[in-house]
Amino acid sequence: MNIGRARPFEHTDAPGGTAIDKRPVPGPVAVTAPGPKGTGTSGLAGDTVGDTRHHGGTDQAVYAYAREDLDRWERTLGRELPPGTFGENLTTDGLDVNGARIGERWRIGPRLVLEVTSPRIPCRTFQGWLGEPGWVRHFTRAAAPGAYLRVIEPGEIRPQDPIEILHRPAHDVTIALMFRALTTERALLPRLLEAGPALHPEARASALKYVRTHANR
């Protein structure tokens, strides 16, 4: 469980800087719906968002990344990646975050319920923070982006709280598939519509635009 405070950073033009530098905290931390993008920030109390144009808000209230994926990047990059290095709020263990389906619901601890919404799309701030040449390209090729989640039922979260999958939709639109559709394999965009009302509005708009464009060819 990781939070951070926004600060100025040379690799972003956001007035608020970036809060990508997140550090583990002992908890408990309250998690609530932060409100719409542009005004809402992070769902975790004490956590901030520097660039509210692209981060935070209802559908990006919490960001989760798997410890197993961090371990793979440690081997690839030859450096230690402590929890929070990728700017994630939750560093999970034993959970296939990239295989989670859009609309899948997790219970964490006794009360908190989160819903999987979309993958993280890498940006120049992320590359600047990692300091790895070609990082956006490498991260995109790996297609292991981690998942954003919205808050369905607020609650407190503590380190080592178990994560229970409450609901897994019948479709097969996973975080990894959605990431590929939005980045390297645009022909997959129509499949995102199978996720139904849980699909992020921006992703829905991209999918519908692709369908309309190719229907006229």
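No value in this document is a laboratory result; all are computed from the given coordinates. These figures come from a predicted structure and were not determined experimentally. All Cβ positions, even for glycine, are placed from backbone atoms using ideal geometry, and neighbour counts span all protein chains on display.
Observations, loosely collected:
- Relative to the Cα centre, the charge distribution of region 1-98, modelled as +1 at Lys and Arg Cβ and -1 at Asp and Glu Cβ, gives a dipole magnitude of about 260 debye.
- Structure-based [θ]222 nm, the chain - -39500 (n - 2.57) summed over DSSP H runs of at least 4, per residue, nearest 500: -6500 deg cm²/dmol
- The distance between label points at His214 and Thr140 comes to 1.8 nm (points 7 Å beyond Cα on the Cα→Cβ vector).
- Near-label residues of region 88-130 by backbone N, under 13 Å of a point 7 Å along Cα→Cβ of Arg168: 95-102, 104-106
- A Förster radius of 22 Å, combined with the Cβ-Cβ distance separating Ala187 from His54, puts the computed FRET efficiency at roughly 0.30.
- Local electrostatic count, Gly87, Cβ distance below 14 Å [Lys/Arg +1, Asp/Glu -1]: +1
- Of the peptides 112-118, 36-42, the order by per-residue mean of other Cβ atoms within 10 Å, starting with the highest, comes out as 112-118, 36-42.
- Length-normalised contact order of region 2-188 in % [C-alpha pairs under 8 Å, at least 6 apart]: 24
- Ordering Thr92, Ser206, Phe139 by the projection of their Cα atoms onto the charge dipole of region 76-217, which places +1 on the Cβ of Lys and Arg and -1 on the Cβ of Asp and Glu, puts Ser206 at the extreme positive end.
- Mean shadow area of region 114-170, taken as a quarter of the surface of its Cα convex hull (nm²): 5.9
- About the Cα centre, charge dipole magnitude for the chain (Lys/Arg +1, Asp/Glu -1 at Cβ), debye: 660
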